[in-house]
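The values are calculated or read from the model by the stated rules, or taken from the named source; none is laboratory data. Source: prediction; values computed, not measured. Glycine also receives a Cβ, built like all others from the backbone with ideal geometry; neighbour counts cover every protein chain displayed. These area figures cover heavy atoms from the full protein model, side chains too; ligands, DNA and RNA do not enter into them. Shrake-Rupley method; radii C 1.70, N 1.55, O 1.52, S 1.80 Å.
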Amino acid sequence: MQIFSNSSTFKNDDSNPEDGSSFLLSSEERYKTLVANIPGAVYRCSCDFSNPNGELKWTIGFLSEAIQEISGYPSSDFINDRVRSFVSIIHPQDRSRVADTIGKNVTAKRPYILEYRIVRADGGISWVYEKGQAVGCQMEEGQEGLLSAVVSPVSLMSDSQSQTIYLHGVILDITERKRAEEDLRNTQEFLNAVLKNLPVSVFIKDAVAQRFIYWNTASEELFGYSTEEVLGSNSGDLFEAEQANYLQAEDREAFATGKGVELPERIIQIPRRGQRVLYTKKVPLFDETGAPKYILGIAQDITESKKNETELSRLALVAQKTQNGVVITDSQGCIEWVNEGFTRISGYVLAEVQGKKPGAVLQGAETDPLTIAQLRAALATGQPFNKEIYNYTKDGKGYWVTLSIAPIHQENGELEGFIAVQSDITDRKQAEATLRERESYYRCMIETASEGVWMFDADSRTTFANSRMAEMLGYTVEEILGRSLFEFMDREERASALAYVQRRRQGIRERYDFKFTRKDGSHLWAIVSATPMFDAEGEFAGVLRMITDISDRKQAEAELRQTLKELEFEKFALDQSAIVSNTNEFGIITYVNDQFCELFQYPREELIGKTHKIVNSGYHSPEFFKQLWSTIHQGNVWRGEIKNQAKDGTFFWLD
């Protein structure tokens, strides 16, 4: 702010000198009052071009008191550099810039505007805004004071007799504004970083040309286009015409309604990513006049989750319809879901057991306490559990089940819950009870441990074996004692057994399947739970092995493999005698057999990836096919006669 203006020079013959001096003093007081009320510090300083270093040096002749509020120093400190120069409080990193800017603008006869930092009296840093201009003043002899000069445009011409260069200006404290700008900049950078790194696609288009102006990292990954490729382009540059028109129509709809457009599930063909299923949402943004300005888009790839949902729905259907009882609990073991099989076995419906622990509902007086303890220990440690257990129905009737419990873990490894499958074995257990009554020896064997217990010293020689262990191997206990572990296996098993022994020496406990050789040369398949033993000094002392006979399971697995092989033969026979095609959930053909290709006269590669429209004769109405697919999607079997067309145009009917 420039407060000095041209004024007339008082001449001896124009007026009374005393009257002129009074007028000047009165005007100066008014100007001082005005300056004191300006929201900033007003200054006037003289410029010295005679600095030996060739630098511009200025000395403050007037500085309003507002400088004390800005800098913490009284204005009197700076007058004629009485205590300090004003340059001394300019931040050291800004001084050269300030001097250079003022010097250039003085030389160019232009006003100057600066923003720079000062060091306050308390050591703090403040930002100031300074605006000023150099002026040339013609001084009257013997006149001093704020209004004692005639101000004229600055001229750097040599005129040492009449002209002095002054800087007039104002300094304002802009610290708060600078802080606000810094906060705004930090906020913008933070928001940009958040948007850029969001795990969902975020993009922005302008409302007029619908061209992309923002494209985050997730958008690059989802659509396969880099930010450089996208910015400035529109949907028509990235997608097929039909797809692009549809997307742009969504944008127009959002602006027309003033509301967001949300599509929870959309199938879209992406040129560089293929067919994907997306969740999309578009939100219109308007300026302060209500005119359309931007469209904000959000997209998330849910292709895999939709596949998982389909798979889960199939698994849920299996779980619901299986004859076995299925129970799903949370991580605390409280029931969340049961299937129809559970209700059939126990008599309880979901509403009666939800939120309760299965043991509290199903276990009773004759439930084995040891089994309960083992079950609780497995659940407490998140381990699988497989055991037979005696439960009670809703009406108090006891029944036996084989209980198989598996922990469910989240992707991060955290325990989410358990799934338990129970098969009713009451009939089998009753038969076993009858057999126990007839066979006292068998009853005695059942009362002993059902697993083999086999202990070895540090050299892998047998130090203890229970009767069950001897029985599984076909020996007496006496025949086993003192013999090496490696005497009860084939040559090909010894290498793996040596490796297992070495792991025991390292203190590793583990559970694994192993094939032993019985006395009669047959094989015993068993689950081995091996625990290393160490003495008081920490030296390896031997191994305790718990042996569970799984020969039946291995036999069942072999039979299952044989059954699968037989099914392969049956499939081959079916392919030779019937027309077969498979599709996915979208009706896309994924498999056709040779009979199908031969009948319809298409090679397999022309059919895979297409729909059955390729063989549509046009005879049937759209409602016919709509009803057909509706029946299939509901999980039912469709039967009927349909007229198809081969590749050569031949029509034929199929049942």
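Observations on the model:
- Residue count, the stretch 128-139 (criterion: open to solvent by less than 30 Å² (accessible area, probe 1.4 Å) and more than 52 Å from the chain's Cα centre (by Cα)): 5
- Residue list for the stretch 324-349, restricted to those being closer than 20 Å to residue 407 by Cα and among the charged types (D, E, K, R): 330, 336
The rows are residues; the columns are (1) modelled with pLDDT of 80 or more; (2) on the phi > 0 side of the Ramachandran plot; (3) under 60 Å from the mean Cα position of the chain (by Cα).
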{"site": "24", "(1), (2), (3)": "no, no, no"}
{"site": "43", "(1), (2), (3)": "yes, no, yes"}
{"site": "54", "(1), (2), (3)": "no, yes, no"}
{"site": "94", "(1), (2), (3)": "yes, no, yes"}
{"site": "99", "(1), (2), (3)": "yes, no, yes"}
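- Only one of 125, 79, 90 that is among the β-branched types (Val, Ile, Thr), open to solvent by less than 60 Å² (accessible area, probe 1.4 Å) and touching a residue at least 24 places away in the same chain (Cβ under 8 Å): 90
- Count of residues meeting criterion [of a type in the set (Asp, Glu) and either within 55 Å of the chain's Cα centre (by Cα) or open to solvent by less than 50 Å² (accessible area, probe 1.4 Å) (or both)] in the stretch 479-498: 3
- Test: residue 554 is surrounded by 12 or more Cβ atoms within 10 Å (Cβ to Cβ), in a helix (DSSP H, G or I) and in contact with an Asp or Glu (Cβ under 9 Å, 6 or more places away or on another chain): yes
- Close contacts from the stretch 272-283, counting a first residue that is closer than 17 Å to residue 225 by Cβ and a second that is at pLDDT 90 or above and among the aliphatic types (A, V, I, L, M), with Cβ to Cβ under 7 Å and a gap of 6+ residues or different chains, come to none at all.
- The set of residues in the stretch 162-177 that are at pLDDT below 90 and either in a helix (DSSP H, G or I) or open to solvent by 40 Å² or more (accessible area, probe 1.4 Å) (or both) comprises 163, 164.
- Here the helices (runs of 4 or more DSSP H) wholly within the stretch 570-655 that include at least 1 residues being within 28 Å of residue 309 (Cα to Cα), open to solvent by 50 Å² or more (accessible area, probe 1.4 Å) and not charged (D, E, K, R) are 622-633.
- Output for the stretch 462-478, where each listed residue is open to solvent by less than 70 Å² (accessible area, probe 1.4 Å) and of a type outside the set (Gly, Ala, Ser): 462, 466, 468, 469, 472, 473, 475, 476, 477
- The stretch 108-131, residues that are closer than 18 Å to residue 57 by Cα and in contact with a Leu (Cβ under 7 Å, 6 or more places away or on another chain): 130
- Members of the stretch 208-222 found to be under 12 Å from residue 293 (Cα atoms) and either surrounded by 17 or more Cβ atoms within 10 Å (Cβ to Cβ) or modelled with pLDDT under 90 (or both), listed by number: 208, 209, 210, 213
- As a summary of the residue check, residue 526 satisfies the conditions (1) under 46 Å from the mean Cα position of the chain (by Cα); (2) open to solvent by 40 Å² or more (accessible area, probe 1.4 Å) except for the one numbered (2).
- First in the stretch 366-384 and acidic (Asp, Glu), second anywhere and outside any helix (DSSP H, G or I), Cβ under 8 Å, 6 or more apart: 366/390; 366/398; 368/389; 368/390
- Residue in the stretch 181-197 that is closer than 30 Å to residue 43 by Cβ, surrounded by 12 or more Cβ atoms within 10 Å (Cβ to Cβ) and not hydrophobic (A, V, I, L, M, F, W, C) present: yes
- Given (1) polar (S, T, N, Q); (2) modelled with pLDDT of 90 or more; (3) at negative phi, index of the condition residue 467 fails: (2)
- Residue within the stretch 382-392 that is assigned to a helix (DSSP H, G or I), of a type outside the set (Phe, Trp, Tyr), open to solvent by 40 Å² or more (accessible area, probe 1.4 Å) and modelled with pLDDT of 90 or more present: no
- Evaluating residue 544 against the criteria (1) within 30 Å of residue 483 (Cβ to Cβ); (2) part of a loop (DSSP other than H, G, I, E, B); (3) of a type outside the set (Lys, Arg) leaves one unmet condition, (2).
- Here residue 592 does not qualify as in contact with a helix residue (DSSP H, G or I) (Cβ under 6 Å, 6 or more places away or on another chain), closer than 30 Å to residue 454 by Cα and β-branched (Val, Ile, Thr).
- Test: residue in the stretch 558-568 that is in contact (Cβ under 8 Å) with a residue 12 or more places away in the chain and either within 44 Å of the chain's Cα centre (by Cα) or surrounded by 10 or more Cβ atoms within 10 Å (Cβ to Cβ) (or both): no
Residue-wise test of (1) in contact (Cβ under 8 Å) with a residue 12 or more places away in the chain; (2) hydrophobic (A, V, I, L, M, F, W, C); (3) within 30 Å of residue 432 (Cα to Cα).
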{"position": "469", "(1), (2), (3)": "yes, yes, yes"}
{"position": "492", "(1), (2), (3)": "no, no, no"}
{"position": "495", "(1), (2), (3)": "no, yes, no"}
{"position": "504", "(1), (2), (3)": "yes, no, no"}
{"position": "512", "(1), (2), (3)": "yes, no, yes"}
{"position": "550", "(1), (2), (3)": "yes, yes, yes"}
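- Sole residue being among the β-branched types (Val, Ile, Thr) and open to solvent by 30 Å² or more (accessible area, probe 1.4 Å), chosen from 531, 517: 531
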